[in-house]
Amino acid sequence: MGTIETFDHTADVGLRIRAGDLNDLFRTAAEGMFDYVVANRDEVRPIEVEKVSIHADCLSDLLAQWLGELIFRSETLHRVYGEFETFVDEEGLRLDATIRGERIDRDRHVLDHEVKAVTRHGFVLEREGEGWLAVMILDI
């Protein structure tokens with residue numbers, strides 16, 4: 001299971017994610033971002049199930065597009081997500097995922113921060129020992 005650290009960055013927030021494999025890294029990145037969006041992500045019920053497929057030119061673009069897609073869906077569908085199943089293909093150019101969540105319920109969900117985007121400033125995605133490291137800045 002991957003780990004997430006947050007760090008302050010001017011008016012934004014950074015995420016440092018470590019995981020043993022790419023599937024875990026992409027799942028952990030999504031969890032980390034939504035932990036920042038909704039303070040009680042464990043209260044998000046997996047009522048709505050959505051499939052996500054993304055293609056990109058490189059692995060780092062795939063990760064940025066994945067998180068961008070989650071931000072877009074959350075904002076346009078007024079949903080929060082709590083569960084993520086991810087599969088990154090061998091080339092690192094395609095992601096297939098299943099996400100689960102529900103409509104925002106302000107009586108139950110503690111909305112903490114609005115994430116506008118994942119920036120490319122300081123974006124890192126690289127192998128680290130036997131696993132992977134991703135560092136990114138969320139525009140809030």
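Report the equivalent ellipsoid semi-axes for the chain in whole Å, largest first, defined as the square roots of five times the eigenvalues of the gyration tensor built from alpha carbon atoms. List each step's numbers first, then the result.
On the way: eigenvalues 101, 61, 36 Å².
Whole-Å semi-axes of the equivalent ellipsoid: 22, 17, 13.
Sort PHE34, PHE26 so the one with the fewest other Cβ atoms within 10 Å of its own Cβ comes first. Display every interim value, and only then the final one.
Numbers: PHE34 24, PHE26 28.
Going from least to most buried by this count: PHE34, PHE26.
Quick one: check the C-alpha center-to-center distance for the range 31-53 versus the range 106-140, whole angstrom.
Comparing the Cα centres of the range 31-53 and the range 106-140, I get a distance of 14 Å.
Which angle from 0 to 90°, rounded to the nearest 10, does the C-alpha axis of helix 22-37 make with the longest principal axis of the chain?
Helix 22-37 sits at roughly 40 degrees to that axis.
For helix 59-77, what angle does its Cα long axis make with the longest principal axis of the chain, in degrees from 0 to 90 and rounded to 10?
The answer is roughly 10 degrees.
With runs of 4+ DSSP H residues as the only contributors, calculate the mean residue ellipticity of the chain at 222 nm using -39,500 (n - 2.57) per run, divided by the residue total and rounded to the nearest 500. Walk me through the intermediate numbers first.
Values: 2 runs with 35 residues, N = 140.
That calculation yields -8500 deg cm²/dmol at 222 nm.
Each reported figure results from applying straightforward, stated rules to the coordinates on display, with no laboratory input. All values derive from a computational prediction rather than experimental measurement. Heads up, the Cβs are rebuilt from the backbone with ideal geometry, glycines too, and the neighbour counts pull from every protein chain shown.
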